[in-house]
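The next block holds one structure in the form of structure tokens; read it before the comments.
The values are calculated or read from the model by the stated rules, or taken from the named source; none is laboratory data. Bear in mind that the values here come from a model prediction, so they are computed numbers and not experimental data. Don't worry about glycine lacking a Cβ; one is built from the backbone with ideal geometry, like all the others, and counts go over all protein chains shown. To get the accessible areas, we keep the full protein, side chains included, count just its heavy atoms, and leave off ligands, DNA and RNA. Shrake-Rupley method; radii C 1.70, N 1.55, O 1.52, S 1.80 Å.
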Amino acid sequence: MKKNHIGTVENIQEINKNVYSIEFSSPTLEKISAGEYVSILCDGLTLRRPFSVANFENNTTTVLFKKRGGGTEYISNLKIGDKIEFSAPLGNTFTIENKKTLLIGAGIGVAPLFYLEKKLNEIGAETFFAAGFLSESDIIEHDFDFVSTDDGSNGNKGSICDYLEQIIEEFKPEKIVSCAPHPVLKFVAQTAQKHKIPCEVAMEKVMACGIGVCRGCVISLKKDGKTQNATVCKDGPVFNGEEVVW
Amino acid sequence: MVDLSLKIKDFDLKNPIITASGTYGYNNEFDDFCEVNKLGAVVTKGITLEPRLGNEGERIFETYGGMINRIGLENVGIQAFLDEKLPVLQKCNINFILNIAGNTVEDYIKLAKIAQENDIKAIELNVSCPNVKCGCIEFGVNKQALYELVSIVRKNYDNCLIVKLSPNVTSAEDLATAVQSAGADAVSAINTVRGMGVKLDFINGGFKKTTVSGGLSGKAIKPVALSFIDRISKVIDIPIIAIGGICTLADVLEFFSVGAKAVQIGTANFTHPDIAEKLINDLEKFMLENNFSTLDDLQKKIQKS
Ligand SMILES: Cc1cc2nc3c(=O)[nH]c(=O)nc-3n(C[C@H](O)[C@H](O)[C@H](O)COP(=O)(O)OP(=O)(O)OC[C@H]3O[C@@H](n4cnc5c(N)ncnc54)[C@H](O)[C@@H]3O)c2cc1C
Ligand SMILES: Cc1cc2nc3c(=O)[nH]c(=O)nc-3n(C[C@H](O)[C@H](O)[C@H](O)COP(=O)(O)O)c2cc1C
Ligand code: FES
């Protein structure tokens, strides 16, 4: 299967200030799994920009993204009917297993967890989705089980990390999956380890090739007592939280 | 029918489109995007005697029309290359050039001998990696050191020997001449241009500065490469393989016009992972439509322009 696709924008919306939802269809992309990502060609830029898949059905991919720089600015200006060139599917996947799973998302990190939650629920796995945002206006609409905001403008006040112990205590997960800014991920992985709960984390790094060849996106893993390099783009973005050298 | 093939010493290439070291992996990694065995050749990631983990910290920084990298030559080392990567190249029928890098003359000699023993048809010496400390950069900037290095590698390697030059030098002509006198079969140029990216964030009333210093590549360096090749082609006769920001057929033809016989595609593979195959098709179509039957015809005609 070839991995370069030309899609058509089916829908694009600013869902919150500077946060967009874009849907694009492509006849050549038939399947993409939760955890895998797409990398979008942005006019005038050298490097494609990686985005997690928030949903996929009928050859149509949904991406939720936050405007940060030139690439996301370009994508945010696309209109329905515009062409969009991207590589997909890239990266590895979350493990889909019938386990009581706690999903921890912070900010735009909730995006890949939407698709994962759907896949887990399809196989009958029980999920609890906890999400943290800076403020009420940043909340991405979804049927979350728990919400915190740093300023307390909606839901529980504080960082999602402040509530992790309590949520684990009450939900008693067999597994934790998280996508969030680095400090949150680290905290979640270390807390999971303390409770001896398996934990998968979705990591981010600036990428060039997206297929493991340029070695631009490596992180360190410790496996069997040895430290080794792993690429976020191909070996990841999903890693066993216990193996990541934080 | 048009004939896109060329020969550098005894090394046959189906066409002049080659993919550049460090941007295409070791063998068939781009198969999901390109028919890799249709390429003139793939230059492998730079290989050292021992495996290398590369640099700590951020390794990539996008800039206007390009990117800066400071990978630090992360690679599997020659033994793993022979055991794991070479069999795939052979099985998939991929024409390749082994790119090698060393810290000492001894390293290069050993690597050249290993290449010879394994009957590897072409090697490219990286004497100019800008982001390995105390490393090979010294050879690439000093004409005497470069002459000695290439001469001794030549003694240990009989097949096609290509030397890759750095643009971060004062006299391109002197270095190219040294490489030719030392017996190299071809020169490739340019490696990345030394550069630095700075990102300033203004947070809570203070500045947070992030910098990435390394090698600049991509469209932005094309004029540097054109000038470099234009200058060296006036002083050497061995074939020149052009590298630097090549993305389109027009770029390829421009490099032919200043004396290149073949080209390497680097950073553009990241922007358009199917670019190498597309360039072969574009070149073939151009030649067909304009009645050039061989690459040599085309290059001679362009060079007269
Ligand atoms: C596997 C993966 C999945 C991702 N999924 C999503 C997603 O679903 N939604 C979303 O909004 N963002 C996601 N990102 C981050 C997204 O790729 C970056 O926000 C985007 O590349 C920024 O591009 P830009 O040109 O707008 O900004 P730039 O001008 O390139 O950079 C702006 C800022 O973003 C940072 N940045 C740039 N590229 C990346 C990157 N690849 N990863 C992390 N930070 C980066 C820069 O350091 C800088 O601080 C993901 C990243 C990865 C690696
Ligand atoms: C990520 C990256 C890694 C590279 N690694 C190597 C390497 O290992 N050995 C080498 O000789 N050149 C290496 N290069 C340099 C390229 O082969 C090429 O000379 C340079 O990028 C200029 O070409 P371009 O503008 O088409 O990219 C690397 C370049 C990039 C962008
Ligand atoms: S982006 Fe090239 S190895 Fe990950």
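Observations
- The stretch A:114-124 - phi-based ³J(HN,Hα) in whole Hz, Karplus 6.51/-1.76/1.60, Gly and Pro as x: 4, 5, 5, 4, 4, 5, 5, 5, 4, 9, x
- Cα gyration tensor shape of chain B, rounded if a/c is under 1.5, else prolate or oblate by comparing a/b with b/c: rounded
- Cα centre as origin, Lys/Arg/Asp/Glu Cβ charges: the stretch A:3-90 dipole, Debye: 300
- Ranking by accessible area, most exposed first, for A:His195, A:His182, A:His5 with a 1.4 Å probe: A:His182, A:His195, A:His5
- Take each residue in A:40-52, count the other chain C-beta atoms within 10 Å of its C-beta, and the mean is 3.
- Taking B:Glu124, B:Glu289, B:Glu148 in turn, the Gaussian network model of chain B (Cα-Cα springs below 10 Å) assigns the largest fluctuation to B:Glu289.
- The count of lysine pairs in the stretch A:72-136 with alpha-carbon distances below 23 Å, taking only pairs 8 or more places apart or on different chains, stands at 4.
- Carbon/sulfur fraction of accessible area - the stretch B:216-293, other protein chains in place, 1.4 Å, %: 55
- In order along the stretch A:130-140, phi translates into HN-Hα couplings of 10, 10, x, 9, 6, 8, 3, 5, 8, 5, 8 Hz, rounded to whole numbers, per the Karplus curve 6.51 cos²θ - 1.76 cosθ + 1.60 with θ = phi - 60° and x for Gly and Pro.
- Accessible surface of the stretch A:101-205, 1.4 Å probe, proportion on carbon and sulfur as whole %: 50
- Charges were assigned to the Cβ only: +1 to each Lys and Arg, -1 to each Asp and Glu. The resulting dipole of chain B about its Cα centre is roughly 700 debye.
- Interchain or long-range residues, amide H under 5 Å from A:Cys217's placed H: A:Val232
- Largest accessible area first, the listed residues A:Tyr163, A:Tyr115 line up as A:Tyr163, A:Tyr115 when surface is computed with a 1.4 Å probe on the assembled protein chains.
- Shape of the protein assembly as shown from the C-alpha gyration tensor: prolate (a/c of 1.5 or more and a/b above b/c, with a ≥ b ≥ c the square roots of its eigenvalues).
- Summed over both chains, the accessible area lost when B and A associate is about 2200 Å², using a 1.4 Å probe.
- Amide H contacts under 5 Å for A:Val53: A:Gly35, A:Val38, restricted to partners 5 or more places along the chain or on a different chain, H placed in the peptide plane at 1.01 Å from N.
- Computed from point charges on the beta carbon alone (+1 for Lys and Arg, -1 for Asp and Glu), the dipole magnitude for chain A about its Cα centre is near 1020 Debye.
- The mean number of Cβ atoms from other chains found within 10 Å of a Cβ in peptide A:226-239 is 1, as a whole number.
- Interface residues of the stretch A:1-27, defined as those with an accessible-area decrease of at least 30 Å² between the chain by itself and the complete set of protein chains (probe 1.4 Å), are A:Lys2, A:Lys3, A:Asn4.
- Three-way shape call for the stretch A:3-90 based on the alpha-carbon gyration tensor, with the a/c threshold at 1.5: rounded
- Entries in A:Lys31/A:Lys194; B:Lys9/B:Lys113; A:Lys2/A:Lys175; B:Lys110/B:Lys143 that, when Cα-Cα distance is taken, lie over 27 Å: A:Lys31/A:Lys194; A:Lys2/A:Lys175
- Solvent-accessible area per residue in the stretch A:3-90 equals 43 Å², computed with a 1.4 angstrom probe and all protein chains kept.
- Residue with peak Gaussian network fluctuation, chain B [Cα springs, cutoff 10 Å], from B:Asn27, B:Asn142, B:Asn118: B:Asn118
- Complex-versus-alone comparison for the stretch B:1-38, residues with a loss of 40 Å² or more in accessible area, probe 1.4 Å: B:Asp32, B:Phe33
- Positive-end residue, the protein assembly as shown charge dipole about Cα centroid, Cβ charges, pick of B:Ile243, B:Asn281, A:Met207: B:Ile243
- Per-residue SASA remark: B:Glu50, around 130 Å² accessible (1.4 Å probe; ligands, DNA and RNA not included).
- Phi angles across the stretch B:151-159 convert, under the Karplus curve 6.51 cos²θ - 1.76 cosθ + 1.60 with θ = phi - 60°, into 3J(HN,Hα) values of 4, 6, 5, 3, 4, 9, 9, 9, 7 Hz, Gly and Pro given as x.
- Fraction of accessible area attributable to carbon and sulfur, the stretch A:12-97 (%, probe 1.4 Å): 45
- Taken as Cα centroids, the stretch B:86-120 and the stretch B:23-69 sit 16 Å apart, rounded to the nearest whole angstrom.
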